[in-house]
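Report on one structure; see the data block that follows.
Any read-out appearing in this document is the output of simple, stated calculations on the displayed coordinates, not a laboratory observation. Model, not experiment: these values are computed from the prediction. Glycine gets a Cβ as well: all are built from the backbone with ideal geometry, and neighbour counts include every protein chain shown.
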């Protein structure tokens, strides 16, 4: 349970995330952030803190090159699968692999990596994942036409999800791709 929100503005990807760690009816406010930068990437995860820890500390994301979407679907995902397997987190059932869901931004592009390893790039330039995703998407849609800075839009989306979802809570953390990446 969580919400991670992201948007693209002026060739930078900005992410925000909540701090909820939820198991059944128990909620723990986690100090370890769900959004972070690593090299030219910014990432924000849902599904599992273990997966997030592997993304943040073990995943050696390859340097992007060539056709970015093709790179993400092939080279990036192949490296991700290897990392999650080595870290003991990837699942396999009937020869089909499954992981978790997260947002990743690089070179001014925002991608959603789904649990079946498909990679999507939202045409709207914003995305949200987690149990509060629909609430956050509504806020991102409404604020798209307003003259708001990225952090203010992300904060509005996080607050909407926090207000209406039992699986989302403050404090919020933010990260963005490096200015020259």
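Annotations
- Between 96, 31, 53, the residue with the greatest mean-square fluctuation in the GNM of the chain (Cα pairs under 10 Å linked by springs) is 96.
- Here the range 74-162 is described by how far its Cα atoms reach on the three principal axes: 46, 28, 20 Å, from widest to narrowest.
- Extended-chain gain in nm, criterion 0.36 nm per residue less alpha-carbon gap, residue 94 and residue 10: 25.9 nm
- Of the residues 86, 95, 121, the one that moves most in a GNM of the chain with alpha-carbon contacts below 10 Å is 95.
- In the chain, helical runs assigned H by DSSP with n ≥ 4 each contribute -39500 (n - 2.57); averaged across all residues and rounded to the nearest 500, the mean residue ellipticity at 222 nm is -8000 deg cm²/dmol.
- Cβ-derived FRET efficiency at R0 22 Å, residue 69 paired with residue 179, nearest 0.05: 0.45
- Cα-derived Rg to Rh of the range 3-176, Kirkwood definition: 0.95
- Candidates 136, 33, 170: whichever shows maximal mean-square fluctuation once the chain is modelled as a Gaussian network with Cα springs under 10 Å: 170
- Put in line by how crowded their Cβ is, counting other Cβ atoms within 10 Å and starting with the fewest, 133, 18, 116 read 116, 133, 18.
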